[in-house]
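Remarks on the structure that follows.
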Amino acid sequence: MSAGQQRGVAVAGVGMHPWGKWGRSFVQYGVHAAREALTDAGVPWTDVDLVVGGETVRNGYAGYVAGSTFAQALGWNGARIATSYAACATGAQALDTARARILAGLCEVALVVGADTTPKGFLAPNAGERWDDPDWLRFRLLGMTNPAYFAMYARRRMDLYGATTKDFARVKVKNSRHGLANPYARYRKEVGVADVLASAVVSDPLHLLDICATSDGAAAVVLVSDDYARRHGLADGAVRMVAVSTVTPTFPQTVLDMPMLSTDASGGVEPARTFKESLAAAAYEEAGIGPDDVDVAEVYDLSTALELDWIEDLGLCGRGRAEELLRAGETTIGGRIPVNPSGGLACFGEAVPAQALAQVCELTWQLRGRAEGRQVEGARVGVTANQGLFGHGSAVVLAR
């Protein structure tokens with residue numbers, strides 16, 4: 001057992017609320033997912049001594065105190081609470097908080113919940129004038145919605161590596177096929193390359209079907225200490241969380257990252273790794289593994305082109321080689337390194353505080369061998385990748 005595995009904690013249970021547009025409170029979604037996770041773990045709510053909520057900032061005051069909101073909705077039981085916000089990496093940061101307290105001996109059973117109710121259309125900053133907020137500035141000064149950034153990343157792949165719009169479409173085709181068997185996915189319809197290319201151009205070169213939607217949804221994870229797992233018969237064959245990386249970028253950033261309007265000045269020495277590469281490297285180092293040990297990956301496919309970037313950032317192939325893997329079928333279920341067997345955001349859409357948790361749910365099912373209809377056979381090690389605004393990001397390694 002590696003040093004990373006010795007420092008890990010057991011994933012006792014996972015649960016989700018189906019993604020969609022349901023028109024209800026994020027609290028209802030979160031409670032549903034939490035109860036599913038507790039049932040999956042066989043852990044009573046009264047044993048939970050820490051609740052960590054993933055914060056959503058679009059739903060009024062309760063969204064800003066998500067830890068206590070979920071604890072109250074489940075029924076006050078005296079548990080300690082925490083609330084995390086890290087944009088799209090919120091769920092992983094919440095997991096990191098829970099894992100750290102367990103490893104420190106400050107709690108035995110932690111429930112981590114993320115849930116969201118999203119507005120129609122593209123996600124945008126809250127109202128008000130904030131001239132020192134780059135997220136506000138890019139909308140107000142340049143009209144730069146998220147897909148405009150996705151398109152710049154896609155164009156960069158085309159210019160540097162020869163990617164084509166058909167390659168991007170193939171990512172959507174693959175993920176739509178994966179999502180057919182996922183009962184939690186919002187979009188469960190297979191599409192072809194021609195369907196993607198025939199959909200409206202949102203921001204050239206990306207079409208509507210290249211870009212994920214915004215969704216309501218929730219996910220929850222129950223983490224337990226090794227001692228608790230042994231005492232309650234949960235240790236044998238358990239999926240373990242052996243690394244969580246939430247590192248920040250290193251100056252200078254020479255690749256544009258949303259929501260910034262430019263890269264850093266290049267007066268300093270360029271870092272050995274980009275921000276996204278460093279997220280994966282830190283997780284691998286903590287887990288005591290390398291990319292060759294990974295059997296399955298869940299990555300943050302806000303757009304089809306971004307999935308290709310992540311494959312390389314995770315070290316699953318060399319820089320500029322992701323299209324080759326895709327075309328050869330190596331990133332589909334049955335290939336060398338399946339990516340997004342859940343269907344990814346292509347099939348789910350964004351529910352910001354829940355996304356990183358949903359990735360962990362999927363990998364837990366995969367490593368248990370219970371991802372019915374989309375199982376990656378023999379999967380023993382999985383990695384997630386996720387990025388949020390303002391230097392937030394995450395990579396989580398699970399192993400069995």
### Message
Considering only residues that are open to solvent by 70 Å² or more (accessible area, probe 1.4 Å) and closer than 27 Å to Ala151 by Cβ, which ones fall in the stretch 225-270?
### Response
Thr248, Thr250, Phe251, Met260, Leu261, Ser262, Ala265, Ser266, Glu270
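Of all residues in the stretch 127-139, which are part of a helix (DSSP H, G or I) and hydrophobic (A, V, I, L, M, F, W, C)?
Keep residues of the stretch 127-139 that are part of a helix (DSSP H, G or I), which gives 134-139.
The answer is Trp136, Leu137, Phe139.
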### Query
Restricting attention to the stretch 279-289, does a residue exist that is within 30 Å of Thr164 (Cα to Cα) and open to solvent by 10 Å² or more (accessible area, probe 1.4 Å)?
yes
### Task
Could you list all residues from the stretch 74-111 that are under 19 Å from Val397 (Cβ atoms), touching a residue at least 40 places away in the same chain (Cβ under 8 Å) and aliphatic (A, V, I, L, M)?
Ala86, Ala89, Ala92, Ala94, Leu95, Ala98, Ile102, Leu103, Ala110
### Task
Test Asp116 against the criterion of being surrounded by fewer than 20 Cβ atoms within 10 Å (Cβ to Cβ), in contact (Cβ under 8 Å) with a residue 60 or more places away in the chain and either over 30 Å from Arg230 (Cβ atoms) or of a type outside the set (Phe, Trp, Tyr) (or both), and give yes or no.
no
### Message
Among the residues in the stretch 91-110, are any touching a strand residue (DSSP E or B) at 6+ places or on another chain (Cβ under 7 Å), modelled with pLDDT under 95 and open to solvent by 20 Å² or more (accessible area, probe 1.4 Å)?
### Response
no
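Quick check on the stretch 15-36: of everything there that is among the hydrophobic types (A, V, I, L, M, F, W, C) and farther than 12 Å from Gly114 by Cα, which residue is nearest to the chain's Cα centre (by Cα)?
Trp19
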### Task
Output the residues belonging to the stretch 72-89 that are closer than 22 Å to Leu106 by Cα, open to solvent by less than 30 Å² (accessible area, probe 1.4 Å) and assigned to a loop (DSSP other than H, G, I, E, B).
Gly75, Ala79
### Query
Yes or no: Arg170 open to solvent by 20 Å² or more (accessible area, probe 1.4 Å), assigned to a helix (DSSP H, G or I) and either touching a Gly at 6+ places or on another chain (Cβ under 9 Å) or small (Gly, Ala, Ser) (or both)?
no
### Message
Just to be sure I understand, how many residues within the stretch 140-155 are open to solvent by 30 Å² or more (accessible area, probe 1.4 Å) and in a helix (DSSP H, G or I)?
### Response
6
#### Entry: Qualifying positions in the stretch 317-339 - touching a Ser or Thr at 6+ places or on another chain (Cβ under 8 Å), crowded, with 24+ Cβ neighbours inside 10 Å and part of a loop (DSSP other than H, G, I, E, B)
Pro338
#### Entry: Selection within the stretch 248-293 - in contact (Cβ under 8 Å) with a residue 60 or more places away in the chain, over 21 Å from Asp135 (Cβ atoms) and in a loop (DSSP other than H, G, I, E, B)
Gly288, Ile289
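The values are calculated or read from the model by the stated rules, or taken from the named source; none is laboratory data. As the structure is a computational prediction, the values presented were derived from the model and not from experiment. Ideal geometry is used to build each Cβ from the backbone, glycine not excepted, and the neighbour counts take in all protein chains shown. Keep in mind that these areas ignore ligands, DNA and RNA; they rest on the heavy atoms of the full protein, side chains included. Shrake-Rupley method; radii C 1.70, N 1.55, O 1.52, S 1.80 Å.
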